[in-house]
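The values are calculated or read from the model by the stated rules, or taken from the named source; none is laboratory data. Note that the structure is a prediction, hence the values are computed from the model and not measured. Methodologically, a virtual Cβ is constructed for each residue, glycine included, from the backbone with ideal geometry; neighbour enumeration extends over all protein chains shown.
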Amino acid sequence: MTIFEFMNNFRLEPFLWIHLAGLALAPLLLVIVWIGLAVSDPWSFYWLELVIVGILGVIPILWMQWTKPLDLFCVLFLSVRPNSLTEEQRKILRLLKARKNKIFHGIAAIGLLGVGWLIYQLAPFAAVTASMLPQWRIVGLIIAAVGFFFCNLVVQVSVSVLGVLLTSEKTWLATEAIPSNQVTNHFTVIGLRVSKIFLIPSLDPASNLKKETS
């Protein structure tokens with residue numbers, strides 16, 4: 001593999017690795033869920049607590065990833081304008097709509113629900129830490145639901161990235177880039193739209209080819 005071919009490997013796209021690195025936040029977010037569930041005494045109808053935290057934490061993110069996956073070319077409150085995306089980046093977006101990704105997201109959601117159930121069982125062990133918060137059960141459930149929501153977000157976005165990284169070279173070559181004018185219709189684009197996000201390089205084969213031939 002030449003240096004030019006190596007640099008044009010879609011798996012080197014910086015945005016993929018930035019979002020995959022976000023998975024490191026999941027344990028911290030689960031600790032927040034754990035503490036939230038330890039606030040005050042559980043309701044006698046505990047199943048309602050599980051429904052509140054589970055539905056608010058899992059369903060919105062799962063539905064988003066199934067219908068309009070999060071545009072990966074964003075960081076915090078900034079996103080790359082659709083018409084500024086390279087062809088490779090728009091091919092990566094196309095891969096997010098693959099059927100296998102929906103299966104991966106479904107499996108991840110079930111796994112996260114299982115983790116949530118386990119944390120609920122272990123919540124009493126966080127009672128000392130939770131005692132520093134107002135002892136209103138509904139407040140604890142809101143904290144837990146918000147923490148679980150963002151945990152699902154970082155996990156499911158990482159699942160999207162893994163789905164792209166596991167794409168075979170044959171599939172990649174056969175993938176057509178999604179048109180720029182269709183990005184906002186098929187993907188959830190969040191943040192202020194800019195032409196380029198500072199300090200994040202773009203793997204643009206066209207610009208690399210110009211450099212190589214000049």
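Kindly indicate which of 128, 155, 139 is assigned to a helix (DSSP H, G or I) and within 20 Å of residue 25 (Cα to Cα).
Exactly one of 128, 155, 139 is assigned to a helix (DSSP H, G or I) and within 20 Å of residue 25 (Cα to Cα), namely 155.
Taking the stretch 81-113 as the search range and keeping residues that are among the charged types (D, E, K, R) and part of a helix (DSSP H, G or I), which one is surrounded by the most Cβ atoms within 10 Å (Cβ to Cβ)?
The first filter runs over the stretch 81-113 and keeps only residues among the charged types (D, E, K, R), leaving 81, 87-88, 90-91, 94, 97, 99-100, 102.
Those still in the list that are part of a helix (DSSP H, G or I) too: 87-88, 90-91, 94, 99-100, 102.
Working: 87: 14, 88: 21, 90: 19, 91: 19, 94: 17, 99: 7, 100: 12, 102: 17.
Among residues in the stretch 81-113 that are among the charged types (D, E, K, R) and part of a helix (DSSP H, G or I), the one surrounded by the most Cβ atoms within 10 Å (Cβ to Cβ) is 88.
Taking residue 74 and the conditions (1) over 16 Å from residue 160 (Cβ atoms); (2) in contact (Cβ under 8 Å) with a residue 24 or more places away in the chain, which numbered condition does it fall short on, given that it satisfies the others?
For residue 74, the exception is condition (1).
Give 64, 7 a once-over and let me know the one that is on the phi < 0 side of the Ramachandran plot and either in contact with a Pro (Cβ under 9 Å, 6 or more places away or on another chain) or at pLDDT below 95 (or both). Spell out how you get there, then give the answer.
Values: 64 fails: either in contact with a Pro (Cβ under 9 Å, 6 or more places away or on another chain) or at pLDDT below 95 (or both).
The unique qualifying residue is 7.
Take residue 147 and decide whether it is surrounded by 17 or more Cβ atoms within 10 Å (Cβ to Cβ) and in contact (Cβ under 8 Å) with a residue 24 or more places away in the chain. Spell out how you get there, then give the answer.
Values: surrounded by 17 or more Cβ atoms within 10 Å (Cβ to Cβ): yes; in contact (Cβ under 8 Å) with a residue 24 or more places away in the chain: yes.
Against the criterion (surrounded by 17 or more Cβ atoms within 10 Å (Cβ to Cβ) and in contact (Cβ under 8 Å) with a residue 24 or more places away in the chain), residue 147 qualifies.
Please find, within the stretch 151-203, the residue that is nearest to residue 105 (Cα to Cα) out of those that are modelled with pLDDT of 90 or more and among the basic types (Lys, Arg).
Filtering first and then ranking leaves 170.
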